[in-house]
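What follows is one structure encoded as structure tokens, with my remarks underneath.
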Ligand SMILES: [Zn+2]
């Protein structure tokens, strides 16, 4: 996998000169899956796609594009996996993706480069409040692993989790987090939140309703991951999120960092200072027309197809999400990163989207985010 290694070891995670390295790594990854996964080989053969189909970057749109739903119904494998991670989901309706050691090494290198660029490495110890699942042996979700991983970039003085595992289920403990926060008021060390935007948002709403405003040490950050879509589909919610964070914690939006990713496309998308998800060198995004599935130009809304040659153990080279999104040129951001950025507009199945208010009501009844 020498081309994969070359791609993931480029110096700048937003390098714009990686097209030929990307195409070579795609060809290498495609050949590997065809040789080691019969189902993938059959799909590729039926589509008439071969390793020599890929010469230029636009050719990657010809890759067999597997819907995320396929990974929820079938366990495709190309090689033994060192670890397995799952998407969130109920009653067996989740994807399980295996990772080989080379893919994990790439993930580590990628995460370090992207987090470093966003200024998330710090020698200053901090207290972590994780607005997500407390790790448990029964929990193999990628969000739990990445939330824990995000607590390794500054030394941890403490870790407290909102979703605790008890009697076979997770339930949120807002009171526990609130009492921990009260103790951290005017604490000497900064605090870092990490986890679901919805839980963080509801916590801040509760604090606002109770008139509870806490001054966190300078350098405190709110890191968000796991998506808004279950609860907050509207961009306007982000603006009220930033306002609320300033009000209840004194944390400005420059210290609010959001991640985007999916277990079927394990690339770390981290927002830029203008809160845009620029596409890193390790990934390419093809936006497709919802009817014809043909690629559409930048600025046009369509289905989001994510491509990365990172994983050998599972054929997640090109996956079709159920997200609707749009790719914008880098010039519409202006932060200095030169790659285009992806905006997620919503989901194809709108019935799954709840409003913040409905989501809050579910949470307070003891439900948990899936
Ligand atoms: Zn930007």
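The values are calculated or read from the model by the stated rules, or taken from the named source; none is laboratory data. Model, not experiment: these values are computed from the prediction. We place every Cβ from the backbone using ideal geometry, glycine too, and count neighbours over all the protein chains shown.
Worth pointing out:
- Checked against the criterion of being surrounded by 15 or more Cβ atoms within 10 Å (Cβ to Cβ), at pLDDT below 95 and either in contact with a strand residue (DSSP E or B) (Cβ under 6 Å, 6 or more places away or on another chain) or not assigned by TED's automatic domain parsing to the domain that holds residue 319 (or both), the candidates 90, 86 yield just one match: 86.
- None of 70, 104 is surrounded by 14 or more Cβ atoms within 10 Å (Cβ to Cβ), free of Cβ contacts under 8 Å to residues at least 40 places away in the same chain and more than 23 Å from residue 38 (Cβ to Cβ) except 104.
- Subset tally (residues that are part of a helix (DSSP H, G or I) and in contact (Cβ under 8 Å) with a residue 24 or more places away in the chain) for the stretch 149-203: 17
- Scope the stretch 272-318; condition in contact (Cβ under 8 Å) with a residue 40 or more places away in the chain, in a loop (DSSP other than H, G, I, E, B) and within 16 Å of the ligand (Cβ to nearest atom); matching residues: 272, 273, 274, 276, 279, 280, 281, 298
- Scanning the stretch 109-138 for residues that are out of contact with any helix residue (DSSP H, G or I) (no Cβ under 9 Å at 6 or more places or on another chain), over 18 Å from residue 220 (Cα atoms) and exposed (fewer than 15 other Cβ atoms within 10 Å of the Cβ) returns 137, 138.
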